Amino acid sequence: KRVVEEEEEEVVAVDLSSSAILIVVVPSNIMTKEAVTTSRGLAIVLNLRRRPDRRAWMQESCLKCLQDQLGVPVQILDAVDGRCLSVNPEEGTVHCPHSGDDHNDDIGGGRFHIFPGWKLGFEGICSMHTDWMMRLRYEPITAEEIERFYGRDLLAGEIGCFLSHLNAWKQASAILIGGENNPKKKDFVLILEDDSCPAKAFQSEQRVESQKDLNEMWRQIWTELEVTVSNLAKNGISWDVFYLGRNRFGCDDTKLPLHHPPPPPPHDLPQQDVVEQLEGVVKVGFSSCLHAYAVSSSGVAKLLNEKLQSIIMPVDDLVPALYAQHPRKDIRDLLHKIAAPHIVALGFARNRINQLESVVRGDEKVIPDCLSTRTDQCSSEIKKLHNVIEKGNNDEVEQGRKKSGTIAHNLQCRSSRNSSSTTTTT
């Protein structure tokens, strides 16, 4: 069998016998559509309507690869804008507008209750710092860093982020728990925030010279995720949430949880070979950041537990508190009181996806200094990445730039790090 590309058609010649040859001409677009049904998962991207620059960034660097090259179904979900929420600090409530043209409709208009007493005073900060350092022995941070995040009221953006992920879980539930006979049912859903970027793009040994380089990195990430999910099932390992990027504070565990004895391996694949393919997968310790993670059917069922939806807190605190001990005693006590579900969180030991921030407004261009854990050589690679995006070698990116006055061609690496880093950031 041989495939020959000829303009817009694929010409397939098959040698049926020594005296007969059948030539089939198939329009290439039909062959492309066939590939859509082969993916084991689906991707959801959270994007604020007022950030078309980030949408353009994800469309060009990520979605073009997942959709066009791999046939992965992708949904771009409108994130809940914290600026549109009505927050009453005195009552501890959040009101989500409900109108015919408001994108907050997806979470159902209504009132949500904020975690009581979220802002810690001096004693609360000292107590949390002691728990963090002495009892839990998480990676060292200062009391000032704790005060920065917990010595204040919840921000509207944090509330919007919680509701955005809640909405994503509801969308994922319809895909993962849609019945056994659902032809569109998937094995997992990958949830991405719109500032996600392959971690390889910031490694000094990598060269990023075009959008194709970024597309290839995303192709590798998706393929690795699909293979890992398949191998977890082959080994009888259950999971609810799978991290592709995070800030690690607690110790990871290389011993993965067995849900049931693994089935016998195929005749052509010894069991030890399957296990070897899971090297680098860990049971994650307490970690923050949910910019890139996958959920299973059991995972979304637990995350959508009605007891968890009744009280709002930063989603970066809620999810890790369901699989590890949170350093805040009041959070631990509340989750115990409402009998919150326990989730099994796995992930790659090393980040596959990092988190970025666009720092472009109009014509202003800012190239940030490298984080202290990065080298000057890495800094030059970041500048190359900026130049790649700035070229705008796609008409849609250029149109997005003219429309919004912004474009994600200058990006600031957020305080996320590879788990191998020894410097702690929050």
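Taken together, the values in this text are just the output of simple stated rules run on the coordinates, not laboratory data. Because the structure is predicted, anything quoted here is derived from the model rather than measured.
List of remarks:
- Cross-link pairs exceeding 30 Å between alpha carbons, from the set LYS212/LYS283; LYS200/LYS302; LYS200/LYS234; LYS234/LYS307: LYS212/LYS283; LYS200/LYS302; LYS234/LYS307.
- Segment 138-250 shape via C-alpha gyration tensor axes, a/c threshold 1.5: oblate
- In this structure the amide hydrogen of GLN75, modeled in the peptide plane, comes within under 5 Å of the amide hydrogens of ALA43, ILE44, VAL45, none closer than 5 places in sequence on its chain.
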